[in-house]
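Below: one structure, written as C-alpha cells.
The values are calculated or read from the model by the stated rules, or taken from the named source; none is laboratory data. Nothing here was measured: the structure is a model prediction, and the numbers come from that model. Neighbour counts are summed over all protein chains in view; Cβ atoms, including those assigned to glycine, are modelled from backbone coordinates with ideal geometry. Areas reflect the complete protein model, heavy atoms only, side chains present, ligands, DNA and RNA absent. Shrake-Rupley method; radii C 1.70, N 1.55, O 1.52, S 1.80 Å.
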Amino acid sequence: MRICEIIPKVKHLLTLEEPPQVLVFHCGGNDIGQKVSCVLGHDILKVIDCLRVLLPKSKFVWSQILPRLKYRNEIVHRSLNRTRVRLNSLVATYIIKHGGAYIRYPEISEDNPDLFLDGVHLSDIGNNLFLYRLQQGLFDIIKFSHTICPQNGVVGPWLRESVSL
C-alpha cells in the first residue's frame, strides 16, 4: 500500500468496523524512489498525525519497511536503501514517542537473495519469516508492552539455520 492510500482506506474501514485496538503500518516501500526522502518522511508523519486524531485510542505499530534487491525507477540502489533505513528510523522513533511500537525483521536482508521472489516481493520462505516475526512482535507488544520487537534485533539460532538456504 502506498502512503497516500492509508487515510481513505482507514476512513472506509471505520464505516464498517469499530476502531482497532492496534493499527499496524506496513507500507512505504512502494513510495521509495517516487518522492524525495524528506518529503516522503513528512508525508508519513502527517498520515500518522491524522490517524491519531481519527483513532485516539488505537496503538500504532510501525512494521519496518523491508529491504529489497531493487526499487521502482532505481538508479542507485544503495541510495534508496539508505532512504529506507532513514525512514524506518524516523517513523519508528516518532511512533514510539507517541506510545506506539516498532517491529523489525532482522532475518530479512539483501544478503540472502533466496528470500526474494523477484527482487521486490518475498519468496515463500521470506514471507513465512515476515509473518512469523510480525506475529511474534504483535504478541510481545500486546502481552509484554514491548516497544521494539525483537528487542535485541538478533536472529535466533533456529531462524538463522532456516534462513541459510
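Take Leu45 and tell me if it is more than 23 Å from Gln136 (Cβ to Cβ) and open to solvent by 50 Å² or more (accessible area, probe 1.4 Å).
no
Would you call Ile125 hydrophobic (A, V, I, L, M, F, W, C), open to solvent by 10 Å² or more (accessible area, probe 1.4 Å) and either in contact (Cβ under 8 Å) with a residue 12 or more places away in the chain or in a loop (DSSP other than H, G, I, E, B) (or both)?
Against the criterion (hydrophobic (A, V, I, L, M, F, W, C), open to solvent by 10 Å² or more (accessible area, probe 1.4 Å) and either in contact (Cβ under 8 Å) with a residue 12 or more places away in the chain or in a loop (DSSP other than H, G, I, E, B) (or both)), Ile125 qualifies.
Can you work out which of the residues in the range 52-84 that are closer than 24 Å to Pro8 by Cα and without any contact (Cβ under 8 Å) to a residue 40 or more places away in the chain is surrounded by the most Cβ atoms within 10 Å (Cβ to Cβ)?
That would be Ile65.
Please give the number of the condition Lys57 fails out of (1) more than 16 Å from Leu23 (Cβ to Cβ); (2) modelled with pLDDT of 95 or more; (3) part of a loop (DSSP other than H, G, I, E, B); (4) charged (D, E, K, R).
Status for Lys57: all satisfied but (1).
Looking at the range 85-106, which of its residues are part of a loop (DSSP other than H, G, I, E, B) and open to solvent by 10 Å² or more (accessible area, probe 1.4 Å)?
Answer for the range 85-106, where residues must be part of a loop (DSSP other than H, G, I, E, B) and open to solvent by 10 Å² or more (accessible area, probe 1.4 Å): His98, Gly99, Arg104, Pro106.
Test Leu40 against the stated conditions and say whether it is open to solvent by less than 10 Å² (accessible area, probe 1.4 Å) and more than 27 Å from Leu129 (Cβ to Cβ).
No: the conditions fail for Leu40.
Any residue at all in the range 115-122 that is part of a helix (DSSP H, G or I) and in contact (Cβ under 8 Å) with a residue 12 or more places away in the chain?
The answer is yes, given that some residue of the range 115-122 is part of a helix (DSSP H, G or I) and in contact (Cβ under 8 Å) with a residue 12 or more places away in the chain.
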